[in-house]
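Written out below as C-alpha coordinates is the structure these notes cover.
The values are calculated or read from the model by the stated rules, or taken from the named source; none is laboratory data. Please read these numbers as outputs of a predicted model, since none were measured by experiment. We place every Cβ from the backbone using ideal geometry, glycine too, and count neighbours over all the protein chains shown.
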(Lines give C-alpha, C1' and ligand atoms only; values in the text may rest on other atoms or scores of the structure.)
Protein backbone atom coordinates (compact mmCIF):
# COMPACT_ATOMS: atom_id res chain seq x y z
CA UNK A 1 0.00 0.00 0.00
CA UNK A 2 1.29 3.46 -0.89
CA UNK A 3 1.64 6.04 1.90
CA UNK A 4 -1.33 8.27 2.61
CA UNK A 5 -1.31 12.05 2.29
CA UNK A 6 0.29 13.47 5.48
CA UNK A 7 -1.35 15.87 7.95
CA UNK A 8 -0.33 19.50 8.36
CA UNK A 9 0.55 21.25 11.61
CA UNK A 10 1.16 24.84 12.78
CA UNK A 11 2.14 26.47 16.07
CA UNK A 12 0.27 29.75 15.85
CA UNK A 13 -3.03 31.20 14.61
CA UNK A 14 -4.36 31.72 12.02
CA UNK A 15 -2.23 28.88 10.63
CA UNK A 16 -3.58 26.37 13.18
CA UNK A 17 -7.13 26.95 11.94
CA UNK A 18 -5.99 26.65 8.32
CA UNK A 19 -4.12 23.42 9.14
CA UNK A 20 -7.24 21.93 10.75
CA UNK A 21 -9.29 22.74 7.66
CA UNK A 22 -6.67 21.16 5.40
CA UNK A 23 -6.48 18.08 7.60
CA UNK A 24 -10.24 17.54 7.32
CA UNK A 25 -9.80 17.42 3.55
CA UNK A 26 -6.79 15.10 3.94
CA UNK A 27 -8.83 12.74 6.12
CA UNK A 28 -11.62 12.64 3.55
CA UNK A 29 -9.19 11.81 0.75
CA UNK A 30 -7.31 9.17 2.76
CA UNK A 31 -10.52 7.35 3.74
CA UNK A 32 -12.30 7.50 0.40
CA UNK A 33 -11.02 4.61 -1.68
CA UNK A 34 -12.65 5.98 -4.82
CA UNK A 35 -10.31 8.97 -4.58
CA UNK A 36 -7.39 6.79 -3.55
CA UNK A 37 -7.83 4.90 -6.81
CA UNK A 38 -6.91 8.03 -8.76
CA UNK A 39 -3.56 7.95 -10.53
CA UNK A 40 -0.92 10.66 -10.31
CA UNK A 41 -2.31 12.91 -7.57
CA UNK A 42 -0.16 16.02 -7.09
CA UNK A 43 0.24 17.70 -3.69
CA UNK A 44 1.51 21.24 -3.16
CA UNK A 45 2.73 23.18 -0.12
CA UNK A 46 3.03 26.98 0.05
CA UNK A 47 6.09 28.45 1.74
CA UNK A 48 5.92 31.63 3.81
CA UNK A 49 7.04 33.52 0.71
CA UNK A 50 4.14 32.11 -1.29
CA UNK A 51 6.30 29.80 -3.41
CA UNK A 52 4.58 26.57 -4.41
CA UNK A 53 6.60 23.39 -3.87
CA UNK A 54 5.07 20.50 -5.83
CA UNK A 55 5.23 17.00 -4.44
CA UNK A 56 6.41 14.10 -6.56
CA UNK A 57 3.71 12.54 -8.72
CA UNK A 58 2.95 9.15 -7.21
CA UNK A 59 0.28 6.47 -7.27
CA UNK A 60 -1.57 6.43 -3.94
CA UNK A 61 -4.27 3.93 -4.86
CA UNK A 62 -4.87 0.58 -3.20
CA UNK A 63 -3.70 -2.30 -5.47
CA UNK A 64 -6.53 -4.49 -4.15
CA UNK A 65 -10.19 -4.10 -5.02
CA UNK A 66 -13.51 -5.87 -4.34
CA UNK A 67 -15.50 -6.98 -7.38
CA UNK A 68 -18.70 -8.91 -8.04
CA UNK A 69 -19.26 -11.12 -11.08
CA UNK A 70 -22.27 -10.00 -13.13
CA UNK A 71 -21.83 -11.92 -16.41
CA UNK A 72 -19.51 -14.25 -18.26
CA UNK A 73 -17.30 -12.63 -20.87
CA UNK A 74 -16.38 -14.07 -24.27
CA UNK A 75 -13.06 -15.61 -23.29
CA UNK A 76 -12.81 -18.64 -21.01
CA UNK A 77 -12.00 -17.70 -17.42
CA UNK A 78 -13.04 -14.07 -18.01
CA UNK A 79 -16.01 -12.25 -16.52
CA UNK A 80 -17.70 -8.85 -16.51
CA UNK A 81 -18.25 -7.26 -13.14
CA UNK A 82 -18.69 -4.25 -10.91
CA UNK A 83 -16.00 -2.55 -8.81
CA UNK A 84 -16.88 -1.68 -5.20
CA UNK A 85 -15.33 1.17 -3.23
CA UNK A 86 -15.79 3.22 -0.07
CA UNK A 87 -15.67 2.17 3.57
CA UNK A 88 -17.10 -1.12 4.83
CA UNK A 89 -19.73 -0.88 7.57
CA UNK A 90 -19.62 -4.54 8.64
CA UNK A 91 -20.30 -5.48 12.27
CA UNK A 92 -18.83 -8.57 13.94
CA UNK A 93 -22.23 -9.50 15.42
CA UNK A 94 -24.02 -10.09 12.09
CA UNK A 95 -23.56 -12.76 9.42
CA UNK A 96 -21.71 -11.67 6.30
CA UNK A 97 -23.98 -10.06 3.72
CA UNK A 98 -21.91 -8.55 0.94
CA UNK A 99 -21.28 -5.83 -0.02
CA UNK A 100 -21.38 -4.93 3.71
CA UNK A 101 -21.69 -1.19 3.08
CA UNK A 102 -19.21 -0.97 0.20
CA UNK A 103 -20.40 1.30 -2.60
CA UNK A 104 -21.42 -0.32 -5.89
CA UNK A 105 -20.11 1.63 -8.87
CA UNK A 106 -23.31 0.68 -10.69
CA UNK A 107 -21.44 0.06 -13.92
CA UNK A 108 -20.00 -3.01 -15.57
CA UNK A 109 -16.54 -1.49 -15.25
CA UNK A 110 -14.33 -4.51 -14.55
CA UNK A 111 -12.88 -7.27 -16.71
CA UNK A 112 -12.27 -10.05 -14.18
CA UNK A 113 -9.65 -12.70 -14.98
CA UNK A 114 -9.88 -15.85 -12.86
CA UNK A 115 -6.39 -17.32 -13.11
CA UNK A 116 -7.55 -20.50 -11.33
CA UNK A 117 -9.60 -21.47 -14.41
CA UNK A 118 -7.19 -21.03 -17.28
CA UNK A 119 -8.82 -21.80 -20.62
CA UNK A 120 -11.40 -24.25 -19.26
CA UNK A 121 -14.66 -22.34 -19.47
CA UNK A 122 -16.54 -20.53 -16.70
CA UNK A 123 -17.28 -21.87 -13.22
CA UNK A 124 -17.80 -18.80 -11.01
CA UNK A 125 -21.29 -18.03 -9.75
CA UNK A 126 -22.92 -14.86 -11.03
CA UNK A 127 -23.32 -12.46 -8.13
CA UNK A 128 -20.33 -13.86 -6.25
CA UNK A 129 -17.84 -11.45 -4.64
CA UNK A 130 -14.06 -11.64 -4.89
CA UNK A 131 -10.99 -9.72 -3.75
CA UNK A 132 -8.68 -9.06 -6.67
CA UNK A 133 -5.55 -7.29 -7.85
CA UNK A 134 -5.83 -4.29 -10.16
CA UNK A 135 -3.60 -5.16 -13.12
CA UNK A 136 -4.42 -2.74 -15.95
CA UNK A 137 -7.04 -1.10 -18.16
CA UNK A 138 -8.73 -2.58 -21.23
CA UNK A 139 -8.47 -0.96 -24.66
CA UNK A 140 -12.27 -0.82 -24.97
CA UNK A 141 -14.39 2.33 -25.17
CA UNK A 142 -15.18 3.02 -22.43
CA UNK A 143 -12.27 1.17 -20.80
CA UNK A 144 -12.66 -1.28 -17.93
CA UNK A 145 -10.37 -2.03 -15.01
CA UNK A 146 -8.63 -5.41 -15.38
CA UNK A 147 -8.80 -7.32 -12.10
CA UNK A 148 -6.98 -10.62 -11.43
CA UNK A 149 -8.58 -13.07 -9.00
CA UNK A 150 -7.72 -16.64 -8.00
CA UNK A 151 -10.95 -18.46 -7.15
CA UNK A 152 -11.73 -22.16 -7.33
CA UNK A 153 -15.42 -21.35 -7.53
CA UNK A 154 -18.10 -23.40 -5.76
CA UNK A 155 -16.68 -26.12 -3.52
CA UNK A 156 -17.88 -29.09 -1.51
CA UNK A 157 -17.29 -28.51 2.22
CA UNK A 158 -17.51 -30.74 5.32
CA UNK A 159 -20.47 -30.43 7.73
CA UNK A 160 -21.82 -32.02 10.89
CA UNK A 161 -25.09 -33.92 10.43
CA UNK A 162 -27.78 -35.45 12.63
CA UNK A 163 -30.66 -37.56 11.27
CA UNK A 164 -33.96 -35.83 12.08
CA UNK A 165 -36.64 -37.56 9.99
CA UNK A 166 -37.58 -39.70 7.01
CA UNK A 167 -37.73 -43.45 6.55
CA UNK A 168 -35.72 -46.37 5.25
CA UNK A 169 -35.95 -47.54 1.67
CA UNK A 170 -37.59 -50.64 0.27
CA UNK A 171 -37.01 -52.95 -2.64
CA UNK A 172 -38.98 -50.57 -4.85
CA UNK A 173 -38.23 -47.15 -3.29
CA UNK A 174 -35.17 -45.24 -2.00
CA UNK A 175 -34.74 -44.12 1.61
CA UNK A 176 -36.00 -40.67 2.59
CA UNK A 177 -33.81 -39.92 5.63
CA UNK A 178 -33.44 -36.18 6.35
CA UNK A 179 -30.79 -34.38 8.38
CA UNK A 180 -30.04 -31.34 10.49
CA UNK A 181 -26.84 -29.78 9.16
CA UNK A 182 -24.38 -27.42 10.85
CA UNK A 183 -20.89 -26.06 10.26
CA UNK A 184 -18.02 -28.41 11.01
CA UNK A 185 -17.42 -26.72 14.37
CA UNK A 186 -21.10 -27.11 15.28
CA UNK A 187 -21.44 -23.37 15.91
CA UNK A 188 -23.93 -22.48 13.14
CA UNK A 189 -26.97 -24.34 11.84
CA UNK A 190 -27.13 -24.58 8.05
CA UNK A 191 -30.59 -26.13 7.90
CA UNK A 192 -32.93 -28.82 9.20
CA UNK A 193 -34.86 -31.62 7.48
CA UNK A 194 -32.48 -31.47 4.53
CA UNK A 195 -32.76 -34.29 2.00
CA UNK A 196 -29.83 -35.66 0.04
CA UNK A 197 -29.16 -33.98 -3.30
CA UNK A 198 -27.14 -37.02 -4.31
CA UNK A 199 -29.51 -39.77 -5.62
CA UNK A 200 -30.03 -42.88 -3.47
CA UNK A 201 -30.59 -46.39 -4.88
CA UNK A 202 -33.71 -48.36 -4.01
CA UNK A 203 -33.40 -50.46 -0.90
CA UNK A 204 -32.42 -50.16 2.72
CA UNK A 205 -29.76 -47.56 3.63
CA UNK A 206 -27.83 -47.52 6.91
CA UNK A 207 -27.18 -44.00 8.31
CA UNK A 208 -24.08 -43.21 10.33
CA UNK A 209 -24.28 -44.41 13.90
CA UNK A 210 -21.35 -42.43 15.30
CA UNK A 211 -21.58 -39.09 17.05
CA UNK A 212 -20.52 -36.71 15.71
CA UNK A 213 -21.51 -37.75 12.19
CA UNK A 214 -20.09 -36.02 9.14
CA UNK A 215 -21.29 -35.19 5.65
CA UNK A 216 -20.49 -32.92 2.73
CA UNK A 217 -22.51 -30.02 1.32
CA UNK A 218 -22.40 -27.17 -1.20
CA UNK A 219 -24.17 -23.85 -1.81
CA UNK A 220 -26.03 -23.09 -5.02
CA UNK A 221 -26.08 -19.76 -6.86
CA UNK A 222 -28.76 -18.45 -4.48
CA UNK A 223 -26.74 -19.33 -1.37
CA UNK A 224 -28.99 -22.28 -0.45
CA UNK A 225 -27.19 -25.17 1.28
CA UNK A 226 -27.58 -28.63 -0.27
CA UNK A 227 -26.51 -31.78 1.56
CA UNK A 228 -24.59 -33.93 -0.92
CA UNK A 229 -23.44 -36.93 1.11
CA UNK A 230 -24.47 -38.13 4.59
CA UNK A 231 -22.22 -41.18 4.70
CA UNK A 232 -25.07 -43.64 4.26
CA UNK A 233 -24.24 -47.16 3.06
CA UNK A 234 -26.46 -49.80 1.52
CA UNK A 235 -27.76 -52.41 3.95
CA UNK A 236 -26.48 -55.77 2.76
CA UNK A 237 -26.70 -59.38 3.97
CA UNK A 238 -24.38 -62.30 3.48
CA UNK A 239 -24.88 -64.40 0.37
CA UNK A 240 -26.41 -67.82 1.01
Among the residues of region 162-190, the number that are buried (at least 16 other Cβ atoms within 10 Å of the Cβ) and at positive phi is 1
Of the conditions (1) farther than 17 Å from residue 135 by Cβ; (2) at pLDDT below 90; (3) within 17 Å of the chain's Cα centre (by Cα), the single one that residue 116 does not satisfy is (1)
Check: Has region 80-95 got any residue that is touching a residue at least 12 places away in the same chain (Cβ under 8 Å) and under 30 Å from residue 232 (Cα atoms)?
Finding: no
The condition of being in contact with a strand residue (DSSP E or B) (Cβ under 8 Å, 6 or more places away or on another chain), buried (at least 16 other Cβ atoms within 10 Å of the Cβ) and part of a loop (DSSP other than H, G, I, E, B) holds, among 154, 143, 99, only for 99
